[in-house]
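What follows is a single structure, written as structure tokens, with notes after it.
The values are calculated or read from the model by the stated rules, or taken from the named source; none is laboratory data. Owing to the predicted nature of the structure, the values given are computational and were not obtained by experimental measurement. Glycine also receives a Cβ, built like all others from the backbone with ideal geometry; neighbour counts cover every protein chain displayed. Remember, those area values only see protein heavy atoms, side chains included, never the ligands or the DNA or RNA. Shrake-Rupley method; radii C 1.70, N 1.55, O 1.52, S 1.80 Å.
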Amino acid sequence: MTQGVGVAGIYVRDQDEALEFYVGKLGFRVHTDAKNGDYRWLTVQHPEQPSFQLGLYKPAPPTMDAATAETVNTIVAKGAMPPLVLIVDNCRDAHERMRKAGVEFTQEPVERYGAVDASFRDPSGNGWKMIEGRG
Amino acid sequence: MGMKPDNSRGRAQDPTLLRRLLRAKDRMDAASHEEWPVERLANVSGVSEAHFARSFKEAFGAPPHRYLLTRRIERAEALLRDTDRPIIDIALETGWQSLGTFGRVFKDVTGESPTELRAREQAATHALEVVPHCYVSAANRPNLTMAVSEKRRREVSDSRDAEDETEVPK
């Protein structure tokens with residue numbers, strides 16, 4: 001595939017904490033980690049999805065003013081950002097592995113309509129649905 | 001509201017506090033059929049009982065127990081729509097202790113009795129199978145902007161047998 005979405009990002013309250021979560025607990029890999037003064041462009045990648053990068057952005061000056069950044073942090077912390085979906089081969093196995101790693105699950109694995117799903121949040125408040133792929 | 005002093009208006013809530021309040025909301029979402037006294041919710045959030053309800057309402061726009069009520073009604077609606085289980089079973093499973101209270105609160109919130117809602121929903125066709133379950137569920141959440149007792153007062157002015165009751169029946 002040569003065309004399509006390359007990067008989509010989420011806001012996180014702390015990029016080091018987010019890196020530890022997405023790489024250390026979820027098993028993503030760092031794609032780019034570039035710092036320039038206070039600014040840090042940080043993207044991670046699912047090991048099985050090399051064409052897509054997930055950006056982990058800190059709302060902060062100079063990208064936005066301090067008051068706006070605080071508002072964005074507030075929205076993330078309330079869990080009001082758009083839903084994210086992670087596809088896995090086996091939801092119960094992934095849940096067990098991630099739970100042991102300290103991931104905060106908001107819904108235990110449940111089977112419905114023939115597929116198992118669970119929910120978790122990252123430390124900032126971004127909510128993920130984890131769904132078992134259907135073959 | 002009104003003339004009551006509201007010192008929360010001055011400054012936005014701290015994001016780390018909000019993240020912890022979100023944890024209490026998540027826990028109610030995950031087990032809305034359970035009892036959630038303020039003490040339990042405050043513990044989840046690491047907030048004092050005295051501050052929890054006000055902080056939660058400021059963060060999420062509804063007092064914690066009204067929020068819980070909307071989740072219970074939402075779940076009951078889904079079970080009425082998607083299953084043929086007896087209404088008493090659905091009432092008990094979604095956190096009510098009696099069919100009478102469930103039926104009354106359900107009608108106060110949705111405007112229909114459980115039986116009426118089931119008949120209407122099951123007759124309609126649904127195209128939401130491709131949307132992840134939780135988002136369908138959220139889309140059907142009742143938009144309860146006032147206390148149930150207040151809603152009832154406004155809608156039923158001549159209720160002779162209206163009882164005083166808490167939003168979340170024990």
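If I model a spin label at B:Ala50 and A:Lys35 as a point 7 Å from the Cα along the Cα→Cβ vector, what separation in nanometres do I get?
For B:Ala50 paired with A:Lys35, the spin-label model returns 4.3 nm.
Compute, for A:Glu48, the solvent-accessible surface of its heavy atoms (probe 1.4 Å) with the complete set of protein chains present, and express it in square angstrom to the nearest 10.
Surface accessible to solvent at A:Glu48 totals approximately 150 Å².
Which of the aspartates and glutamates could a cross-linker bridge to B:Lys151, judged by Cα under 15 Å and excluding same-chain residues fewer than eight apart?
Candidates past the 8-residue exclusion: B:Asp108, B:Glu112, B:Glu163, B:Asp164, B:Glu165, B:Glu167.
Roughly how big is the A-B contact, given as buried accessible area in Å² (both sides, 1.4 Å probe, nearest 100)? Don't jump to the answer; show the numbers that get you there.
On the way: alone 8120 and 10390 Å², together 17020 Å².
Buried area between the two chains comes out at roughly 1500 Å².
Using only protein heavy atoms and a 1.4 Å probe, report how much of A:Ser124 is accessible, in Å² to the nearest 10.
10
In what order, largest first, do A:Met81, A:Met130 sit by accessible area if the probe radius is 1.4 Å? Write out the running numbers ahead of the final one.
On the way: A:Met81 60, A:Met130 0 Å².
If we order A:Met81, A:Met130 from most to least accessible, we get A:Met81, A:Met130.
Output the pairs from A:Lys129/B:Lys57; A:Lys25/B:Lys25; B:Lys25/B:Lys57 with a Cα-Cα distance over 21 Å in this structure; if there are none, say none.
Working: A:Lys129/B:Lys57 26 Å; A:Lys25/B:Lys25 24 Å; B:Lys25/B:Lys57 11 Å.
The answer is A:Lys129/B:Lys57; A:Lys25/B:Lys25.
How much accessible area does A:His31 have with a 1.4 Å probe, in Å² rounded to the nearest 10?
Surface accessible to solvent at A:His31 totals approximately 90 Å².
Taking amide hydrogens as modeled 1.01 Å from N in the peptide plane, which residues meet the under 5 Å criterion relative to A:His31, leaving out close sequence neighbours?
A:Thr43, A:Val44, A:Gln45
Working out 0.36 nm times the residue gap between B:Gln97 and B:Thr115, then minus their Cα-Cα distance, what length gain in nm do you get to one decimal? Please list the in-between numbers first.
Numbers: separation 18, 0.36 × 18 = 6.48 nm, distance 1.82 nm.
So the chain would gain 4.7 nm between B:Gln97 and B:Thr115.
Keeping all protein chains in place and using 1.4 angstrom, which order do B:Val105, B:Val47, A:Val110 fall into by accessible surface area, from largest down? Please report the intermediate quantities before stating the final value.
Details: B:Val105 5, B:Val47 25, A:Val110 55 Å².
Ranking B:Val105, B:Val47, A:Val110 by accessible area, largest first, yields A:Val110, B:Val47, B:Val105.
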